[in-house]
Amino acid sequence: MTKLHSPAELEALRSQLVSARDPNRTIVTICSGTGCPGAKSEALYESFKEGAEGLGLDGRLAIKQTGCVGFCERGPIVIIRPKGIFYQQVKRADVARILDETIVNGKVVEDLLFVDPVTGKRCPVTEEIPFYNQQKRIVLSRSGEIDPFDIRDYIADGGYRALAKVLASMTPEEAISAVEKSGLRGRGGGGYPTGRKWRSCRQAHGEPKYVICNADEGDPGAFMDRGLIEADPHSIIEGMIIGAYAIGSSEGYVYIRNEYPLAVVTLRAALAQAREYGLLGKNILGSGFDFDIRISRGGGAFVCGESTALMASIEGKPGEPRVKHTHTVESGLWEKPTNLNNVETWANVPLIINHGAEWFASMGTENSKGTKIFSLVGKIQNTGLVEVPMGITLREMVYDIGGGIPGGKRFKAAQTGGPSGGCLPATLLDLKVDFDELTKYGSMMGSGGLIIMDEDTCMVEVARYFLDFLRDESCGKCTACREGLDAMYQIVTEICAGRGREEHIAWLEELGQAVKYASMCALGTTAPNPVLSTLRYFKDEYGAHIRERRCPAHVCKALITFRVIPERCKACLLCNKHCPAGAISGEKKKPQAIDPEKCIKCGACRDVCKFEAVEVQ
């Protein structure tokens, strides 16, 4: 490897790498993001290598481990390129068949294909799968295609071309203007205009200046940043270098969750390779510009997703927010001007430089440009990472991409924006998803968590669950958040326990507004959203809990009872055998009965009954 000393040398290397590729060579790509190794994708990789060697296919076949391809519900995933044959839930026992039938004989292994649950059609290639063909994957375009541990794959695919362009032909002012014109807004949750932040940081007095990538992804069910780092780390690094050049920084940090070991390993390897190739460090590409990046591992505090708490943590202090009398672009890390953007924001920057601000601004809505990555999870057929244009509707995401609700159940709500987001009802399924629309209806974009709930979800319990999470994650520094969230949690817990009172609803609304407006940081100001939004759209459920002592979704244990329907019971005794509390009794060939005093309401009886003879009231 030779260190690259100029943009010309980078382009020469790219041409060399591309010309050395055989466009007709078959490549087996195996998803090796965090989810698929849990489903034995590492063993698949070894099996493919051994099988290819045994069949003498080494010369005509490449086997590559990639990052997450997004369709986590169907992992482990193997894609045969360049044809794009998509195999799902592949096991080691399937490897021999794939090598023999697909690689050697050019046939498709039918039982490994994705079957569209709506049409029943088998989809042999990625482009035919609704989960993919309804997306607009620009940030995720390389995910699942390149080896994240090989910088040459990234360079061959156009990587670091934007950096070379900026260093060779653009002033810092021009780089900032391009980002401003694109309309890119921060993807970490706040939605602040990225170019405006860069400009403020460049104009701020004080040296040195820092750039930070926020990879402290703490939302339950969210894995957008993790997936991007594990699949395409150099896109983030390239964006950070361009941002550093624009604001005049020579030092950067990636603040990443300690619970993301594979992402940390991937990022560390990418940074090392970037230094080896002269793309980080001194005199990058012979431009005279110096910049390097360090990794700072977080301790798992949700509040450290907030900018000032994150910076305090990097400094070795407790991860607590501070009052922003002065913005962090003027006084941030070590009281120096600091520009903080999240993983997805940085990964958009090279795309804007390469394709132009107008290209980026042509996607999305008037005030929310480009695309957004969501982690689509919960009661949905197709879970995983999706990238969609801003302005897509919830309905399109739930039904066209997500495949709808399992078991024919009704859609009930979608929570956007993580634990501090709001819950939107079925009447808002046609709501356009962008920064402003979500805020207007009591939710928020957040970093991109999207949790789908069905008819069996109790919205009061959902509010209680997220309040419990948020009060635990509050740093406790300000009274409104510390005491207010706990008080709200206690009230909602009383309601779920069947001890709710009519005045509790008014108390929750009043407390929610107080916490929202009196808290110091964004954790506190957004934390009441789950309660306020469920009160706004599902107040009747609160009323049922309080006035009727009934949980309509049959979730809250204090408000439900289990009973056997005699005319349906076949006396198979399965419920009797599986009851952990010994609450079910009855003779053979006679209907069973549940003792309400002994019943712990675990639902085991209902789960094992084949005749739907156990009902919840």
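Bear in mind that the values in this text are calculations on the coordinates, not laboratory data. Here the structure is a predicted model, which is why all the values come from computation and not from measurement. So basically every Cβ, Gly included, is an ideal-geometry build from the backbone, and we count neighbours across all protein chains shown.
Between A558 and K589, the FRET efficiency from the beta-carbon distance, with R0 = 51 Å, is close to 0.90. Across the range 465-578, counting alpha-carbon atoms alone, Rg and Dmax equal 18.2, 60 Å. On the basis of the beta-carbon distance and an R0 of 56 Å, D111 and Q617 show a calculated FRET efficiency of 0.85.
Antiparallel beta bridges, as assigned by DSSP with both residues in the chain, represent about 55 percent of the total such bridges.
Its residue count N fixes a reference of 2.2 N^0.38 Å for the range 163-283, and the Cα radius of gyration divided by that reference is 1.09.
Among beta bridges from DSSP that stay inside the range 213-299, the antiparallel ones total about 10%.
Cβ-Cβ distance of R60 and T171, R₀ of 51 Å, FRET efficiency by 1/(1 + (r/R0)^6): the value works out to about 0.60.
When the charge dipole of the chain is built from unit charges on Cβ atoms (+1 for Lys and Arg, -1 for Asp and Glu) and taken about the Cα centre, the candidate among C423, S443, G189 whose Cα reaches farthest toward its positive end is C423. Multiply the residue separation of K539 and N354 by 0.36 nm, subtract the distance between their alpha-carbon atoms, and state the gained length in nm to one decimal. Working it through step by step, the gained length comes to 61.7 nm. Each principal axis of the Cα cloud of the chain was evaluated for its coordinate range; sorted largest first, these ranges are 84, 68, 40 Å. For the range 531-606, the Kirkwood hydrodynamic radius comes to 14.2 Å, computed from all pairs of different C-alpha atoms.
Taken about its Cα centre, the chain carries a charge dipole of about 860 debye when Lys and Arg each add +1 at the Cβ and Asp and Glu each add -1 at the Cβ. When the alpha carbon gyration tensor of the range 151-361 is reduced to an equivalent ellipsoid, its three semi-axes come out at 24, 20, 16 angstrom, largest first.
Beyond 25 Å in Cα-Cα separation lie the following of the pairs K165/K282; K49/K372; K181/K432; K181/K516; K570/K601; K577/K601: K49/K372; K181/K516.
For the range 311-372, a Kirkwood radius taken over Cα pairs fed into Stokes-Einstein (20 °C, viscosity 1.002 mPa s) yields D = 152 µm²/s. If every alpha-carbon in the range 371-454 counts as one equal scatterer, what log10 I(q)/I(0) does Debye give at q = 0.11, 0.13, 0.16, 0.20 1/Å? Each listed q maps to, in turn, -0.22, -0.32, -0.49, -0.80. For K369, the amide hydrogen comes within under 5 Å of the amide hydrogens of R185, counting only partners 5 or more places away or on other chains and with H modelled in the peptide plane.
I'm checking a number: the convex hull volume of the Cα atoms of the range 19-145, normalised per residue, in Å³. What is it?
107
Work through the residues other than L574 whose Cβ is under 12 Å from its Cβ and net out their charges, Lys, Arg +1 and Asp, Glu -1. Net charge in that neighbourhood comes out at +3. Can you give the local net charge around K3? Use residues other than it whose beta-carbon is closer than 10 angstrom to its beta-carbon, Lys and Arg +1, Asp and Glu -1. For residues surrounding K3, the net value is -1. With θ taken as phi - 60° and the Karplus curve 6.51 cos²θ - 1.76 cosθ + 1.60 applied, the whole-hertz 3J(HN,Hα) list for the range 468-479 is 4, 4, 6, 5, 5, 8, 4, 6, x, 6, 10, 4 Hz, x standing for glycine and proline.
Summarising the amide proton neighbourhood of I295: residues at separation of 5 or more, or on other chains, whose placed amide H is nearer than 5 Å comprise V254. Computed extension length for R606-E276: 112.8 nm, one decimal, from 0.36 nm per residue of separation with the Cα-Cα distance subtracted.
Peptides 165-172, 473-480, 368-375 ranked from most to least packed, by the mean per-residue count of other Cβ atoms within 10 Å: 368-375, 473-480, 165-172.
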